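Participant: Take a look at this one; I'll ask things after.
Rule-based calculations on the coordinates, nothing more; no lab input. Here the structure is a predicted model, which means the values were calculated and not measured. Cβ placement follows ideal geometry from the backbone for every residue including glycine, while neighbour counts extend to all protein chains displayed.
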Protein chains: 2
Amino acid sequence: MEEEEEAKMNNQQEKSQKKNAILVDGVILNGPVADSKSGEKFVEEVNKIIMEEVVKKASDATEKVCEWQSPEQLRTLLDLELKDTGESHPKLLQLCQDVIQFSVKTYHPRFFNQLYAGIDYYSLAARFITEALNPSVYTYEISPVFLLVEEAVLKKMIEYIGWEGGDGIFNPGGSVSNMYAMNLARYKYFPDIKEKGLSGIPQLVLFTSEECHYSVKKAASFLGIGTQNVYFVKSDDRGKMIPEELEKQVQHARNEGSAPFFVSATAGTTVLGAFDPLNEIADICEKHNLWLHVDASWGGSALLSRRHRKLLHGIHRATSVAWNPHKMLMAGIQCCALLVKDSSGLLKRCYSANASYLFQQDKFYDISYDTGDKSIQCSRRADAFKFWMTWKALGTTGLEKRVNRALALVRYLVDEIKKREGFQLLLEPEYANICFWYIPPSLRKMEKGHEFWEKLSCVAPIIKERMMKKGSMMLGYQPHRGKVNFFRQVIISPQVIREDMDFLLDEIDSLGQDL
Amino acid sequence: MEEEEEAKMNNQQEKSQKKNAILVDGVILNGPVADSKSGEKFVEEVNKIIMEEVVKKASDATEKVCEWQSPEQLRTLLDLELKDTGESHPKLLQLCQDVIQFSVKTYHPRFFNQLYAGIDYYSLAARFITEALNPSVYTYEISPVFLLVEEAVLKKMIEYIGWEGGDGIFNPGGSVSNMYAMNLARYKYFPDIKEKGLSGIPQLVLFTSEECHYSVKKAASFLGIGTQNVYFVKSDDRGKMIPEELEKQVQHARNEGSAPFFVSATAGTTVLGAFDPLNEIADICEKHNLWLHVDASWGGSALLSRRHRKLLHGIHRATSVAWNPHKMLMAGIQCCALLVKDSSGLLKRCYSANASYLFQQDKFYDISYDTGDKSIQCSRRADAFKFWMTWKALGTTGLEKRVNRALALVRYLVDEIKKREGFQLLLEPEYANICFWYIPPSLRKMEKGHEFWEKLSCVAPIIKERMMKKGSMMLGYQPHRGKVNFFRQVIISPQVIREDMDFLLDEIDSLGQDL
């Protein structure tokens, strides 16, 4: 009896103690947590800044695209250093303002610099939701909604490729999607690779065009194949892979005793916007039993346009496709799918590691929804969701209109370039890349010899510098395959209007008059 | 004169035409764009929902952690299908509500299921900013602020590792960081690999503990090394790699004629939270000229705590370190750095592809800031920024307090587990993973033979199912190295209070009483 009473008393004592502060290692562990209200307030304040300084300015061409500062200057303007003590909310809000002020406005109607641009309100709202929920898409248990959404989006993308079924996964970038495909292909032909690695396997070689994205080389290097085992196939004047040259290279490799296994065709090259002839390439791949990957990271979005999907004629014959809705379809960096025709579970067999702490086999639901083991990542973002939201909001017809509108603006700009003195197209664009030279007055009458090209090569960099320092617009330039520096104008955003096209040419002309 | 006047007239005519609708391919190209106002409104509405349904509920333990639905049910509850026509704003707002409702609340104080949890208001605000600005971090031209921020954060992380200098890059996940390190190591010893691939190189082998993260195997497979060339070193009862066993394995591999090149030690293993003895492992790596990578994805954050950084004693001797601030430091999925001791540019030499359209050599600023070519990715998210914002807000001392508080809560929970009948620790935790069995009343008097363990193995899955269907909390379980299913409780979030610890044990006891 005594013992029992003592136990009871101890118990009561313990309970009353618990109501007081519990101190362990000098830390008070009792609730409630003090700073949630001020944290919420801070998020609200930042949201206001974002609405005013970013979202509401996205259609305002009178704002600056960028407020150029050299790295050295910017370092003195921003308080970058991380210190022992924290900063006050007013100071942090000022920092947020500064970060926005000195960042490039990729949502600006006159940002034409990359293969993405503009703002999509639906995708943006979806991204705010996923940031707040902070999911990781590996198991249904943790990400029920986002796994089902990914499934729905992949299914629809597969439908637009024209396959009857398939599989896929969203990845952090088209470069990573290309790697996945390359690794998947070699696994299919040599399943032992997963355990044994490349030793004992004949020298793998792969093929892509001279105009391919640089990630194909990076992938070959990363996967242990080596860049010299990437065979670059000649492309024609428009930047399209020449199928006969591909077949020659495949034969050549076979004669050398190498093992051709993979062709990466490009649907929408990075610089010229060229589309490889997929149907002819597919014939060769079938004949030689090669995996046909199509890097449609940039061009894939044309599949949604009945008018323009012919650019990708034959894509249904691909074994895998990389397609980034964050480019033309504005899903936000990053939103990149690798899609594979196989529906036998090749992706899972190739990538699974069956981690028992994550992919338990005795779960109470259908674990085929735990698709995270298809990935080389462990935690993975819910990238499909933002695209799903835009698709939901606009419908396929709305997405189609965006593609059509961008390519109609291209037609307009091309016609203007042809009309204007001092502008010269490199080639007639098929897609949203418009490559052209601006020839300043001083060079217009010069013979197109060595001196002309040398002088012309300095023009684009200077105009680029001037437009950035002025903040009026941004577009890219590069030398390319023997052609000296030319501008590459990319049109994507639905915020772009015809007036922006006129402005672009006027502005180049005005910035380059004295050159 | 006549010609001039005609030109003038044409010009005027053209200008006035331009004011009218310009129609190309059936698309009106003139501005202004119609839907920006309603788009802005939509973003504002969604922001309100996020504040009410997510942010303001993050400290409210009375809300459900999840609202469980089976995949089949959830599919009928959500309108997932993508259609030809878009949906109205009210419908979309309802969808946003549904998505939030049926998603797991990883910010909830009783979400203990993964190696991340909780909400950080500063990181969240920063993530909203980057989503709105939508940058891609490859060149200074496009991401001036975010490149400088990444530099500042890497520098500070390197300081806490204890190196005098170094290099680094943020990646989409610790798995990817581990891959980077492995590839970098082989490139250092065999620089020809980049061009020539693995052929002609002796069989590479690498070492890691039995308790390592599964990504080490995935990396070996992806990089063409093969999983059978990963040698798993025995670990002790606490899950720490045994240095003598490592040395034996290295010798064994050398005797076999293989080429040992890489050791991946783990600082904070995934299941047990164990820390390998880095100093002793570093001795062996130095002796045998091996690259020492430390996968501190989970444990790295202890470096910020003066009390707990001894867990990583010797980390300054590592050649590379993976460290994910998105775990214990709550930077949001994903925020993962690979840090390397080398400051001679190895990272750049290993990964660069010098794409001329992106990394032009004739830019008007110091192109050493164009660090994107260090990455296997092309477009890359500004992941450093969210961590920078939290660090700015809290200071190092604030981050330290978080780590200390989480580990103090661990001490509290461990003491409670020891006091309570029916709970049994697997081992004394060093870090934030608390592994324990719940032994229901029916098993408490049973002899610990085969039948006992078999019955016990079914307990955790049933309790997990019950907690999820009730929505009261979430924690993980798994079998592990001969031990039947046990719970793994992970404590991270500063929103967690002592009362949540008590609740956790009470709840398990109540859910498992009848088992």
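Participant: For segment A:244-253, in order, what is each residue's ³J(HN,Hα) by Karplus, 6.51 cos²θ - 1.76 cosθ + 1.60 with θ = phi - 60°, in whole Hz (x at glycine and Pro)?
Facilitator: 4, 5, 4, 4, 4, 5, 4, 4, 4, 5
Participant: Among B:Val216, B:Asn255, A:Ile497, which residue has its Cα positioned farthest towards the positive end of the charge dipole of the protein assembly as shown, with +1 placed on the Cβ of Lys and Arg, -1 on the Cβ of Asp and Glu, and the dipole taken about the Cα centre?
Facilitator: The listed residue farthest towards the positive side: B:Asn255.
Participant: Could I ask something else about it? Distance between Cα centroids, segment B:418-486 to segment B:306-355: provide it in whole Å.
Facilitator: Result: 34 Å between the Cα centres.
Participant: To continue, here is another question. For the Cα atoms of chain B, what angle does the longest principal axis make with the long axis of helix B:2-19, in degrees from 0 to 90, nearest 10?
Facilitator: 40 degrees
Participant: With both partners inside segment A:136-381, how many of the DSSP beta bridges are antiparallel, as a percent to the nearest 5?
Facilitator: So the antiparallel bridges in segment A:136-381 amount to around 40 percent.
Participant: With charges only on Cβ, +1 for K and R and -1 for D and E, what is the dipole size of the protein assembly as shown about its Cα centre, in debye, rounded to 20?
Facilitator: In debye, rounded to 20, the protein assembly as shown gives about 580.
Participant: Using θ = phi - 60° and the Karplus relation 6.51 cos²θ - 1.76 cosθ + 1.60, list the HN-Hα couplings for segment B:440-450 in order, rounded to whole Hz, with x at every Gly or Pro.
Facilitator: 3J(HN,Hα) across segment B:440-450, in whole Hz: x, x, 5, 9, 5, 9, 6, 5, 7, x, 3.
Participant: Relative contact order for segment B:366-472: what percent, with Cα pairs under 8 Å and sequence separation of 6 or more?
Facilitator: 13 percent
Participant: Compare the Cα positions of A:Thr106, A:Leu80, A:Thr130 along the charge dipole of segment A:39-135 (+1 at Cβ of Lys, Arg; -1 at Cβ of Asp, Glu; about the Cα centre) and return the one farthest towards the positive end.
Facilitator: Comparing the listed Cα positions along the dipole, A:Thr106 ranks first.
Participant: Turning to a different aspect of this structure: Taking every DSSP beta bridge that has both residues in the protein assembly as shown, what percent is antiparallel when rounded to the nearest 5?
Facilitator: Percentage antiparallel, nearest 5: 55.
Participant: Which of the residue pairs A:Lys418/A:Lys448; A:Lys455/B:Lys348; A:Lys363/B:Lys218; A:Lys155/A:Lys374; A:Lys37/B:Lys37 have a Cα-Cα distance greater than 27 Å in the structure shown?
Facilitator: As for pairs spanning more than 27 Å Cα to Cα, those are A:Lys455/B:Lys348; A:Lys37/B:Lys37.
Participant: Rounded to the nearest 20 Debye, what is the dipole magnitude of segment B:136-381 about its Cα centre when Lys and Arg each give +1 and Asp and Glu each give -1 at the C-beta?
Facilitator: Here segment B:136-381 has a charge dipole of around 300 debye.
Participant: Here's something else I'd like to know. Taking a virtual spin label 7 Å from the Cα of B:Arg306 along the C-beta vector, which residues in segment B:138-182 bring their backbone nitrogen under 16 Å of it?
Facilitator: B:160
Participant: Can you give the mean number of other chain Cβ atoms that lie within 10 Å of the Cβ atoms in peptide B:109-121?
Facilitator: 3
Participant: With the cut-off at 1.5 for a/c, could you classify the protein assembly as shown from its C-alpha gyration tensor as rounded, prolate or oblate?
Facilitator: Because a/c hits 1.5 or more and a/b exceeds b/c, the protein assembly as shown counts as prolate.
Participant: Across peptide B:491-497, what mean number of C-beta atoms from other chains lies inside 10 Å of a residue's C-beta?
Facilitator: Mean inter-chain Cβ contacts per residue within 10 Å come to 3.
Participant: Then there is this: Before rounding to the nearest 500, sum -39500 (n - 2.57) across all DSSP H runs of length at least 4 in chain B and divide by the residue total; then give [θ] at 222 nm in deg cm²/dmol.
Facilitator: -13500 deg cm²/dmol
Participant: In Å, what Kirkwood hydrodynamic radius results for segment B:395-511 from the alpha-carbon pair distances?
Facilitator: Evaluated over segment B:395-511, this radius sits at 15.0 Å.
Participant: In addition: Looking at the P(r) of segment B:55-152, how many percent of alpha-carbon pairs lie beyond 19 Å?
Facilitator: For segment B:55-152, the fraction of Cα-Cα distances above 19 Å is 63 percent.
Participant: Classify chain B as rounded, prolate or oblate from the Cα gyration tensor: take a ≥ b ≥ c as the square roots of its eigenvalues, call it rounded if a/c is under 1.5, otherwise prolate when a/b beats b/c and oblate if not.
Facilitator: Taking the square roots of the gyration eigenvalues as a ≥ b ≥ c, chain B is oblate.
Participant: Determine the dipole magnitude for chain B: charges of +1 sit on the beta-carbon of Lys and Arg, -1 on that of Asp and Glu, nothing else is charged, the reference point is the Cα centre, and the result goes in debye to the nearest 20.
Facilitator: Value, rounded to 20: 1640 debye.
Participant: How much of the DSSP beta bridge set in chain B is antiparallel, as a percent to the nearest 5?
Facilitator: Bridges in chain B that DSSP calls antiparallel: roughly 55 percent.
Participant: Determine, for each peptide in B:166-176, A:402-412, the mean count of other beta carbons within 10 angstrom over its residues, then list the peptides with the highest first.
Facilitator: B:166-176, A:402-412
Participant: Going by alpha carbons, how many degrees (0 to 90, nearest 10) lie between the helix axis of B:278-288 and the longest principal axis of chain B?
Facilitator: For B:278-288 against chain B, the angle is about 80 degrees.
Participant: Okay, moving on. Convert each backbone phi in segment A:345-359 into a coupling constant with the Karplus relation 6.51 cos²θ - 1.76 cosθ + 1.60 (shift: θ = phi - 60°), then list the ³J(HN,Hα) values in order as whole Hz, x for Gly and Pro.
Facilitator: x, 4, 4, 5, 4, 5, 9, 5, 10, 6, 4, 6, 7, 10, 10
Participant: Along the charge dipole of segment A:136-381, Cβ charges K/R +1 and D/E -1, which of A:Ser352, A:Phe146, A:Ala185 sits furthest on the positive end?
Facilitator: So the residue furthest toward the plus end is A:Phe146.
Participant: Same structure, new question: How do A:48-54, A:436-442, A:275-281 rank on mean C-beta neighbours within 10 Å, highest first?
Facilitator: Ranked by mean Cβ neighbours within 10 Å, highest first: A:275-281, A:436-442, A:48-54.
Participant: Classify segment A:136-381 as rounded, prolate or oblate from the Cα gyration tensor: take a ≥ b ≥ c as the square roots of its eigenvalues, call it rounded if a/c is under 1.5, otherwise prolate when a/b beats b/c and oblate if not.
Facilitator: The shape class here is oblate.
Participant: How far is helix B:89-102 tilted off the main Cα axis of chain B, in degrees rounded to 10, range 0 to 90?
Facilitator: The helix B:89-102 is inclined about 10 degrees to chain B.
Participant: Still on this model: Using a 10 Å cut-off around each Cβ of peptide A:197-204, what is the average number of partner chain Cβ atoms that fall inside?
Facilitator: 6
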